[in-house]
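These notes concern the structure reproduced below.
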């Protein structure tokens, strides 16, 4: 059903964009109209084209170039569509309001072909500028975002470094992964947590990039669990690979950190497994194993499961998945779908922190949702 709705939505957005850009302008030749139409449709169906290319065996540099160009076109098409919709809503209703007041002018009519042509050129130029800025924000190295959380269960500062949604893929340079690892290690964390969507390809396709993860260094180690994208590319293979990389892989498991009074638990992406009473029972059993006096840190790729947990079970849940919306105004849909968007929340008496992610999926672009490496410091309540 999701795929059908996505197909219909992409087709609708394509047709609206094409109609607004070319169908009201008789000066544009038919061949140019078809060319513009083909580019717009290809942009909106970029994920499908990329998927088909991958199934057809396209790999290496050709695949990297194809995917990056098409995903950028996809992001640009989304931004252009949003700008057209915003422009036309204000333009049409503004013209109607002027008509009601008896001040409407034919020169400002939204159906004025000459004016629409100029408006389309201006909108396309603005979309290009916004897209280039979004591209810059998307490829920019993630900043370290510092957060403090106070708890009566903590006796001395305890530093957690959260790295979510790396989405390591064949197009990601090894040196970028290496720099992320070096940045994390430089923060001197007590524990490192990676709550899913770390990878976006099979182990043998990104072996060189993921080898850098073995260099992650924290006092109590680095912990990882699965996101929905690990399930897309082979969950069992990645379970084994994560262990080979000396990461503590947690699948409905928990570990007490001796000397820290912190219990680290991890669950696979709830949506990939479907949230069922049986799953919630299993999670409840996992969280019941720890001491009531221990600070419980739960890794869950999706934040939405927080609504089903309580302060007796969890002190802090760390999640990703949302990318902070990645490209505005997609923020509104992401928040509607997940119940949360980004940052620190109070949920049922415990804390939930959602990272924007250190990478991105699809378009290599971000708009009003900067990537981040999250530095979370737990401090005693009295010292906060």
ask   = Got a sec? Which residues in the range 88-129 would a label at residue 28 touch, if it sits 7 Å along Cα→Cβ and we count backbone N under 14 Å?
value = 113-125
remark   = When 164, 381, 371 are arranged by how many other beta-carbons sit within 10 Å of their Cβ, fewest first, they go 381, 371, 164
ask   = Helix 235-244 versus the longest principal axis of the chain: what is the Cα-based angle in degrees, 0 to 90, to the nearest 10?
value = 50
query = How high is the relative contact order of the range 2-138, given as a whole-number percent (alpha carbon pairs under 8 Å, six or more residues apart)?
reply = 26
request  = For n ≥ 4 DSSP H runs only, could you compute -39500 (n - 2.57) per run for the chain, divide by its residues and tell me the 222 nm figure to the nearest 500?
outcome  = -14000 deg cm²/dmol
task = Quick one: among 308, 175, 103, which has the greatest mean-square fluctuation in a GNM of the chain with alpha-carbon springs under 10 angstrom?
result = 103
remark   = Kirkwood Rh for the range 124-195 from C-alpha pairs, in Å, is 15.1
ask   = Against the longest alpha carbon principal axis of the chain, how many degrees, from 0 to 90 and to the nearest 10, is the axis of helix 60-100 turned?
value = 60
note = Using alpha-carbon positions, the gyration tensor of the range 68-127 gives root eigenvalues a ≥ b ≥ c; with a/c under 1.5 called rounded, otherwise prolate if a/b exceeds b/c, else oblate, the class is prolate
request  = Among DSSP beta bridges whose residues both lie in the chain, state the antiparallel percentage, nearest 5.
outcome  = 30
inquiry  = Could you list 199, 32 so that the one with the fewest beta carbons within 10 Å of its beta carbon is first and the one with the most is last?
reply    = 32, 199
remark   = One would report the Cα pair-distance distribution of the range 2-138, bin width 5 Å, in %, as 2, 9, 15, 18, 18, 15, 10, 6, 4, 2, 1, 1, 0
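With r as the distance between the Cβ atoms of residue 143 and residue 54 and R0 = 30 Å, compute the FRET efficiency 1/(1 + (r/R0)^6) and round to 0.05. Could the numbers behind the result be given before it?
Values: r = 31 Å, r/R0 = 1.05.
Using R0 = 30 Å, I get an efficiency of 0.45.
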request  = Please give the length that would be gained between residue 179 and residue 255 if that part of the chain were fully extended, namely 0.36 nm times their separation in residues minus their C-alpha to C-alpha distance (nm, one decimal).
outcome  = 24.5 nm
task = Please build a GNM for the chain, connecting alpha carbons under 10 Å apart, and tell me which residue among 194, 66, 250 fluctuates the most.
result = 66
Spin-label model distance (nm) - residue 124 vs residue 39, 7 Å beyond Cα toward Cβ = 0.6
note = Bridge orientation stat for the range 194-272 from DSSP, antiparallel percent rounded to 5, came to 55
Kirkwood hydrodynamic radius (C-alpha pairs) into Stokes-Einstein, the range 142-383, 37 °C and 0.692 mPa s, D in µm²/s = 186
inquiry  = What distance in nm separates the two pseudo spin-label positions at residue 204 and residue 105, each 7 Å out from Cα along the beta-carbon direction?
reply    = 6.8
key: Cα centroid separation - the range 185-221 against the range 329-384, whole Å   = 19
query = Mind checking the angle between helix 30-44 and the chain's longest principal axis? C-alpha axes, 0 to 90 degrees, to the nearest 10.
reply = 10
message = I need the semi-axes of the equivalent ellipsoid of the range 343-384: take the C-alpha gyration tensor, multiply each eigenvalue by 5, square-root it, list largest first in whole angstrom.
response = 28, 12, 7
note = Between residue 361 and residue 217, the FRET efficiency computed from the C-beta separation at R0 = 35 Å comes out, to the nearest 0.05, as 0.80
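To make sure I understand, if each residue's beta carbon is the centre and we count other beta carbons within 10 Å, what order do 101, 287 fall in, fewest to most?
Ordered from fewest to most neighbouring Cβ atoms within 10 Å, 101, 287 come out as 101, 287.
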request  = Rank 102, 75, 221 by mean-square fluctuation in a GNM of the chain with C-alpha springs under 10 angstrom and give only the top-ranked residue.
outcome  = 102
task = Normalising by the residue count of the range 142-383, find the relative contact order in percent from Cα pairs under 8 Å and 6+ residues apart.
result = 28
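For a distance above 19 Å, tell me the whole-number percent of Cα pairs in the range 293-384 that qualify.
Tail of P(r) above 19 Å: 41 percent of Cα pairs.
Rule-based calculations on the coordinates, nothing more; no lab input. What you see is a predicted model; the values in this text were computed from it and never measured. Note that each Cβ is placed from the backbone with ideal geometry, even for glycine, and that neighbours are counted across all protein chains shown.
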